[in-house]
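Chemist: Sending over a structure as structure tokens; questions will come in a sec.
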Amino acid sequence: MCGIFGYCNFLVEKSRGEILDTLVEGLQRLEYRGYDSTGVAIDGDELDSTTIIKQIGKVDALKEEIAKVNPNRDVTFASHVGIAHTRWATHGQPRQVNCHPQRSDANNEFVIVHNGIITNFRELKTLLTNKGYKFESETDTECIAKLFKHIYDTNTQNGNELDFHELTKLVLLELEGSYGLLCRSSHYPDEVIATRKGSPLLIGVKSEKKLKMDFVDVEFPDDTENRPETPLRGNTPTGRNGAISVTSNKKNPNAFISNSHSDNDNLLPIAANHFNLRHSQSRAFLSEDGSPAPMEFFLSSDASSVIKHTKKVLFLEDDDIAHIYDGELHIHRSRREVGASMTRSIQTLEMELAQIMKGRYKHFMQKEIYEQPESTFNTMRGRIDFENNRITLGGLKAWLPAIRRARRLIMIACGTSYHSCLATRAIFEELSDIPVSVELASDFLDRKSPVFRDDICIFVSQSGETADTMLALNYCLERGSLTVGIVNSVGSSLSRATHCGVHINAGPEIGVASTKAYTSQYIALVMVALSLSDDRVSKLQRRNDIIQGLKQIPQQIKKVLDLEPKIKKLCQNKLKNQKSLLILGRGYQFASALEGALKIKEISYMHSEGVLAGELKHGVLALVDENLPIIAFGTRDSLFPKVVSSIEQITARKGHPIIICNDNDEVWSKKAEGTKLETLNVPQTVDCLQGLLNIVPLQLISYRLAVDKGIDVDFPRNLAKSVTVE
Ligand code: UD1
Ligand code: F6R
């Protein structure tokens, strides 16, 4: 997703060119996370001015933009703060004006780079607009920059000279949601604020001199000082936590002694006074001779962009406010919490770059499989009101009446995305009473299938760039039908070219095999089906059951992931070195069978076939013997008796399938007694959602088979993540 990078030098002379190169390179290290636009903010030519350069597209496009702006690269800075960002669009399309840094005003007094979502940004925007602020972007971030300026101005007008971190505390009191952010300001030259809540942020520390400490003290407000203005709330002295901090006189030389919690701090050398100290001298940043050391700080949302420069890093905790100035890093908090740590350690990172990017996982595919409790939750976040059983899809709301009038729905996609259409087709038909056809994009085009103005065409794609799907979209647009996109990449061609749609918000998917995008597409499509029927009283109970089922899905996926050790054994004992694998499913689980087989083929290179269980007797049964490995979906739904009978046909031919079934299902436990039949148990959910859980063991099996064969899972041969050719 979005990435933050900041670079701060103190008493280390750097040219503007070097600073820009460091920032751009920092962004390049974040590229793997997926993004659609970039930007930087650095010192301008005028005293205390800020230059912002931003561009949509890749970091290379930013480089070109920088070359176009052509700032003087030779100017040197003894101290400087630069901030930079890669953005993955959430609020507003990838347009230049929506790129970060976002600013408070035309003079760039406060500029912000931000990861996360400010959930009360609409209220803040209204408030600030009423106070005369003019917003130029669609981002939630812009309200943070404007809030900084508003609170700064109000306090300054009233004679409150706020320190940068004190100002930040006041701003944070107004923000709801999650953030990792950096702020630089022309009012606080060469200073930077880094703060986080629910979004990672770390600070790399580099110095030529040997530093004294390997930790930084946390500083708390001094309860005896005056309280500043919180203009959005009137003159209330305390904030949400009852813990608004203080206005300190930033030139007060004594403040650095009184504000510390440490018994030893009043022993700190006075020499530090030369450097305009405003609070306790941070013990960490004095060199051995007691003088401030030349320092460089690298701030980032991701260690991958810092590791090249330094291995010494400090990870911020939620609600920490890091304030860097005069070569020092201070950590502030708005209030003391009982039992909370009083220090933040500066750790030495021993990890390699690739390791950092994948976190604790060996491959991106593995990481993405394990991310599904979170990614499925994100697909639903802000869209489902579980208390009132209501769905609001912002991108479809206005289009629903038109969609409901459709003569038929045509779902069009490729590969895994096609399987998500198959998986949800039945629930679409059931809830909307509109006939639905599901099409592979290439075949749809090959057939030159007739499309009419009263057809609604739904295009599903993770990348939003797949050539076959795009061609089919153009074909339908030419024929005048309404087009709906279900897409992961905001700002992708498909997302832009469709009339309306839903972003699945699964986060960037890097592994070539699609995993978390599948479960999120599935959920997005179910949400569309639910939205189409929200005017139907006859469907009320069914809708409510599905919505309550969706609520449980992230937790239930987490449970399924616990099957990993059992799957590992199963792969080694039963599936290793096999040439072929049949996967059997019926009804809702036919899609799971096809998707499971595709995962196994593309990652482990083992032939695998998804078979409709009802078709078994029409040919496939000839393959079955005691040697052919078979996986069958035997979870509970209305077709359960038929599935049981299909599986009996297999066992009658000495086959011993692995059954994916619900927890504590007596039928399967009995059948497994004394036989070679094995089960993988998954929780039960509403029939039309069961595929969300059933696919996870198959994802794990395909991953395990590939790893056991020594295949590079993230780069399977002959395949690309985004298929932009026909
Ligand atoms: C939007 C914001 C989201 C924010 C939410 C708050 C964007 C991109 N999304 O989400 O960050 O949390 O408001 O209410 O700003 N669209 C297409 N084709 C597609 C996909 C989407 O045309 O394939 C269109 C939609 O019709 C809509 C826009 O893109 O106009 C954004 O779609 P989506 O992100 O799904 O909308 P929201 O869920 O409202
Ligand atoms: C399989 C896989 C592919 C894609 C297909 C469509 O794991 O990833 O089958 O699903 O190439 O790609 P998108 O969804 O980007 O249109």
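The values are calculated or read from the model by the stated rules, or taken from the named source; none is laboratory data. Nothing here was measured: the structure is a model prediction, and the numbers come from that model. Methodologically, a virtual Cβ is constructed for each residue, glycine included, from the backbone with ideal geometry; neighbour enumeration extends over all protein chains shown. What goes into the accessible areas is simple: the full protein's heavy atoms, side chains included, and nothing from ligands, DNA or RNA. Shrake-Rupley method; radii C 1.70, N 1.55, O 1.52, S 1.80 Å.
Chemist: All but one of (1) away from ligand 1 (no atom under 16 Å from the Cβ); (2) open to solvent by less than 10 Å² (accessible area, probe 1.4 Å); (3) out of contact with any Asp or Glu (no Cβ under 6 Å at 6 or more places or on another chain) hold for Arg536; which doesn't?
Modeler: Answer for Arg536: the failing condition is (2).
Chemist: Working carefully through the options Val40, Val97, Val59, find the one that is touching a residue at least 40 places away in the same chain (Cβ under 8 Å) and surrounded by 18 or more Cβ atoms within 10 Å (Cβ to Cβ).
Modeler: The conditions single out Val40.
Here's the yes/no breakdown for (1) buried (at least 24 other Cβ atoms within 10 Å of the Cβ); (2) β-branched (Val, Ile, Thr):
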site	(1), (2)
Glu648	no, no
Thr651	no, yes
Cys661	yes, no
Lys671	no, no
Thr675	no, yes
Val686	no, yes
Asn694	yes, no
Pro697	yes, no
Leu705	yes, no
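Chemist: For Val490, state whether it is among the β-branched types (Val, Ile, Thr), in contact (Cβ under 8 Å) with a residue 24 or more places away in the chain, within 13 Å of ligand 1 (Cβ to nearest atom) and surrounded by fewer than 22 Cβ atoms within 10 Å (Cβ to Cβ).
Modeler: In short, yes.
Chemist: To continue, here is another question. Of everything in the range 110-161, what is within 16 Å of ligand 1 (Cβ to nearest atom) and among the polar types (S, T, N, Q)? Give them in sequence order.
Modeler: Taking the range 110-161 first, the residues within 16 Å of ligand 1 (Cβ to nearest atom) are 114-126, 135-144.
Within the range 110-161, Asn115, Thr119, Asn120, Thr126, Ser137, Thr139, Thr141 qualify.
Chemist: Moving on. Restricted to the range 434-459, and to residues that are touching a residue at least 60 places away in the same chain (Cβ under 8 Å) and not in a loop (DSSP other than H, G, I, E, B), which residue is surrounded by the fewest Cβ atoms within 10 Å (Cβ to Cβ)?
Modeler: The qualifying residue surrounded by the fewest Cβ atoms within 10 Å (Cβ to Cβ) is Ser442.
Chemist: I would also like to ask the following. Which number in (1) in contact (Cβ under 8 Å) with a residue 60 or more places away in the chain; (2) within 20 Å of Ser520 (Cα to Cα); (3) among the hydrophobic types (A, V, I, L, M, F, W, C) marks the one condition that Ala413 misses?
Modeler: (1)
Chemist: Can you pull out the residues in the range 121-136 that are open to solvent by less than 20 Å² (accessible area, probe 1.4 Å) and at pLDDT below 95?
Modeler: Pass one, the range 121-136, residues open to solvent by less than 20 Å² (accessible area, probe 1.4 Å): 121, 124, 128.
The one that is open to solvent by less than 20 Å² (accessible area, probe 1.4 Å) and at pLDDT below 95: Phe121.
Chemist: Then there's this: Please go through the range 572-602 and pick out each residue that is within 21 Å of Asp625 (Cβ to Cβ) and assigned to a helix (DSSP H, G or I).
Modeler: Those that are within 21 Å of Asp625 (Cβ to Cβ) and assigned to a helix (DSSP H, G or I): Asn573, Lys574, Leu575, Ala593, Ala597, Ile600.
Chemist: Still on this structure, please answer the following. Does the range 411-433 contain at least one residue that is more than 26 Å from the chain's Cα centre (by Cα), within 16 Å of ligand 2 (Cβ to nearest atom), open to solvent by 40 Å² or more (accessible area, probe 1.4 Å) and more than 22 Å from Gly480 (Cβ to Cβ)?
Modeler: no
Chemist: Separate question: Which residues, taken from the range 443-454, are at pLDDT 95 or above and either in contact with a Pro (Cβ under 9 Å, 6 or more places away or on another chain) or away from ligand 2 (no atom under 16 Å from the Cβ) (or both)?
Modeler: Matches in the range 443-454: Asp446, Arg447, Lys448, Ser449, Pro450, Val451.
Chemist: A further question follows. Of all the residues that make up the range 185-216, how many are of a type outside the set (Gly, Ala, Ser), open to solvent by 20 Å² or more (accessible area, probe 1.4 Å) and assigned to a loop (DSSP other than H, G, I, E, B)?
Modeler: Here the count works out to 8.
Chemist: Let me ask another. Could you look through the range 482-495, keep only residues that are within 11 Å of ligand 2 (Cβ to nearest atom) and closer than 20 Å to Ser37 by Cβ, and pick out the one that is modelled with the lowest pLDDT?
Modeler: Ser492
Chemist: Got a sec? Which of Ser638, Ser592, Ser604 is open to solvent by 30 Å² or more (accessible area, probe 1.4 Å), hydroxyl-bearing (Ser, Thr, Tyr) and under 28 Å from Thr379 (Cβ atoms)?
Modeler: Only one candidate qualifies: Ser638.
Chemist: Further, regarding this structure: Look through Thr466, Thr519, Thr498 and report the one residue that is within 15 Å of ligand 2 (Cβ to nearest atom), open to solvent by 20 Å² or more (accessible area, probe 1.4 Å) and among the polar types (S, T, N, Q).
Modeler: Answer to the check: Thr466.
Chemist: Which residues, counting only those in the range 460-469, are more than 12 Å from ligand 1 (Cβ to nearest atom) and in a helix (DSSP H, G or I)?
Modeler: Hits for the range 460-469 are Ala467, Asp468.
Chemist: Only residues in the range 109-128 that are over 18 Å from Leu299 (Cα atoms) count as the first member; pair them with residues that are open to solvent by 50 Å² or more (accessible area, probe 1.4 Å) and of a type outside the set (S, T, N, Q), Cβ under 7 angstrom, at least 6 apart or cross-chain, and list the lot.
Modeler: Cβ pairs passing all conditions: Glu109/His187; Ile118/Glu176; Thr119/Glu176; Asn120/Glu176.
Chemist: Only one residue in Gly507, Gly549 is within 16 Å of ligand 1 (Cβ to nearest atom) and touching a Ser or Thr at 6+ places or on another chain (Cβ under 7 Å). Which one?
Modeler: Gly507
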